[in-house]
1. Given the criterion of a type in the set (A, V, I, L, M) and surrounded by fewer than 14 Cβ atoms within 10 Å (Cβ to Cβ), identify the matching residue among A297, A366, A333.
2. Test D386 against the criterion of being open to solvent by less than 10 Å² (accessible area, probe 1.4 Å) and of a type in the set (D, E), and give yes or no.
3. Against the definition (under 28 Å from the mean Cα position of the chain (by Cα) and under 29 Å from L189 (Cα atoms)), how does R318 come out, yes or no?
4. Residues in the range 123-150 that are farther than 22 Å from Q453 by Cβ, among the hydrophobic types (A, V, I, L, M, F, W, C) and either under 12 Å from the mean Cα position of the chain (by Cα) or assigned to a helix (DSSP H, G or I) (or both): how many?
5. When you look at N219, is it farther than 25 Å from D386 by Cα, surrounded by fewer than 19 Cβ atoms within 10 Å (Cβ to Cβ) and at pLDDT below 95, yes or no?
6. Would you tally the residues in the range 151-171 being more than 12 Å from the chain's Cα centre (by Cα) and either within 14 Å of ligand 2 (Cβ to nearest atom) or of a type in the set (D, E) (or both)?
7. I'd like to verify a number: residues in the range 316-366 that are within 30 Å of M412 (Cβ to Cβ) and of a type outside the set (S, T, N, Q), how many?
8. Under 7 Å by Cβ, and 6 or more places apart or on different chains, what pairs join a residue from the range 57-80 that is under 16 Å from E32 (Cα atoms) and in contact (Cβ under 8 Å) with a residue 40 or more places away in the chain with one that is of a type in the set (K, R) and surrounded by fewer than 17 Cβ atoms within 10 Å (Cβ to Cβ)?
Amino acid sequence: MAMATLGKEKEDAFLSELKSRLRVEEITPHVEALSHFSTTTTTTTTTNTGSKRRRGGGVTRLVYTDDDARAREYVKMLMQKNGLTVREDAMGTIFGRLEGTETVKKRGTKRGNVVGSGSHTDAIPLSGKYDGVYGVLGAIEALGALKRAKFQPRRHLEAVMFNSEEPSRFGMACSGSRAMGGVLDAEKLQTLPDVLNTSKSFFDAATQAGYGSEWRGENGSRARTAKEMVEKCSLMPMDSHYYSFVELHIEQGPELEHEKLDIGVVTAIAAPAAMEITFEGDGGHAGAQLMHLRNDAVVAGSKLAVAVEKFAKQSGSRDTVATVGGFTVKPNAINSVPRSAVLEIDVRDIDLKRRDHVVQQIKNAAKEIASEQNVRVDVRIINKDDPATSGDSAMNAVELAVTHLGHSMKRMVSRAYHDTLFVAKACSNVGMIFIPCYKGYSHRPDEFSTEEQMRKGVETLALTMAKLSRESSSIDDVDEEHAKLPFFVPDRDDGEGEGERSGERGSDHPRDPSMEERRGPNDEL
Ligand code: GLV
Ligand code: MN
Ligand code: MN
């Protein structure tokens, strides 16, 4: 009982220390600063509640452009300012590390010894300034605050900025995290066209930005081809690098705001598929060519767009969504019958079978419409990904942190995709923390979260990472009792643990299993 009281006091003291070390008020200026690294400009207005809201064109920041490079420099500067050790992989994913005491993996231990968190800073055309950016800044701030509060992690903590989560430049989303999870096909990557037309391929663009063949890794490691670049970024086999990974993100939907909740604990990430369907006709003169002689590609594309909406609505579940997000017409001239129409179609669901059924319906419809309209059709599947589910220990850690902080929460699925979808290929214990955003708006200029909402998310992340950095590795068998163990037992106060810690520092002495039994409720690893 006395021990429990002492543990609670220590925890409360540490919690207030940590809160006092968080500088969440700096996140908004950093979000603003990053939003200026953009090829489109916006204006900021002040609402009647005093909050600043972005209006106008929105942020555009495509991977490997000058604005992307400026955002990367900014992120690295922040990581260094927060005392993190920075490294970059061959594609440009950036890692900022806070060293844990477990510097050498214990002999015979396959499990990775890093707890990571991060997101992306690239932005789709004309979008908001919080998507991804908040998760990168939040991870850096969480680690900075833990360091300033003198928290001693056992596992290393890493803040991550993933390379191009958005598909905007090469049509392939999550390039950095796909490579990490060992599911990026380098050959296919090299066939993807650059919408900016300023590079020959993804590898060429990466090289122009100082990655790819320009990259120099530890011990002189190099990537001379796209294949080598992709391989160097892999964190496979499963669980060999990350013990756990938890991404912080704005919800991008309206549920949390509507239900007045602080935190969403993500249980699963929906499965996205991306298709590109091209209709080709013969074109002609808009005045001279009679209607019955035409094979108009836009008419075929428009019929398919209507069918796509119908298939999603008819699926029987509100979790099925399908979007014709791109519709490119050629020659795109008012007095020319359209010769080609390229539709970029995004289909998602949390149920893989239902998602794939819609994909199949779209394929069939494209062929039928092509035959009706007498146009040629080409169907390309860009990607068809699986859903990911969160790990029990990661979700438990988040929920325990939320409870400790007295915030409100609910479990929910992520309908948007995130880098965590692919980190899940390399780590079985992933999770995500959502915070509310204004009306659920995202991928639009008026995307917004308040400083208070952001503070709650960053606090939750910091506590979650603290717990995951110290919990027992036998967490595969997580149970309620374990999850209730306290977060904070700074090493320097924990006299009894001294012998155990010297073993953890990698002195090649496997841990004495009898220590497991001797550990009291306040002696969490
Ligand atoms: C991510 O940006 C998504 O489209 O879900
Ligand atoms: Mn996005
Ligand atoms: Mn995002």
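1. Working: A297 fails: surrounded by fewer than 14 Cβ atoms within 10 Å (Cβ to Cβ); A366 fails: surrounded by fewer than 14 Cβ atoms within 10 Å (Cβ to Cβ).
So the residue among A297, A366, A333 that is of a type in the set (A, V, I, L, M) and surrounded by fewer than 14 Cβ atoms within 10 Å (Cβ to Cβ) is A333.
2. On the way: open to solvent by less than 10 Å² (accessible area, probe 1.4 Å): no; of a type in the set (D, E): yes.
Against the criterion (open to solvent by less than 10 Å² (accessible area, probe 1.4 Å) and of a type in the set (D, E)), D386 does not qualify.
3. Values: under 28 Å from the mean Cα position of the chain (by Cα): yes; under 29 Å from L189 (Cα atoms): no.
Spelling it out, it is not the case that R318 is under 28 Å from the mean Cα position of the chain (by Cα) and under 29 Å from L189 (Cα atoms).
4. Adding up the residues that qualify gives 0.
5. Details: farther than 25 Å from D386 by Cα: yes; surrounded by fewer than 19 Cβ atoms within 10 Å (Cβ to Cβ): yes; at pLDDT below 95: yes.
Yes; evaluated as a whole, the condition is true for this residue.
6. The number of residues fulfilling the criteria is 4.
7. Taking the range 316-366 first, the residues within 30 Å of M412 (Cβ to Cβ) are 316-326, 344-362.
From what is left, the residues that are of a type outside the set (S, T, N, Q) are 316, 318-319, 321-322, 324-326, 344-359, 362.
Summing the residues that are within 30 Å of M412 (Cβ to Cβ) and of a type outside the set (S, T, N, Q) in the range 316-366 gives 25.
8. G58/R444
The values are calculated or read from the model by the stated rules, or taken from the named source; none is laboratory data. Since the model is a prediction, treat every value here as computed from it, not as a measurement. As a convention, Cβ positions derive from the backbone with ideal geometry for all residues, glycine included, and neighbour counts pool all protein chains shown. Ligands, DNA and RNA are stripped out before the accessible areas are found, and what is left, the full protein with its side chains, is counted by its heavy atoms. Shrake-Rupley method; radii C 1.70, N 1.55, O 1.52, S 1.80 Å.
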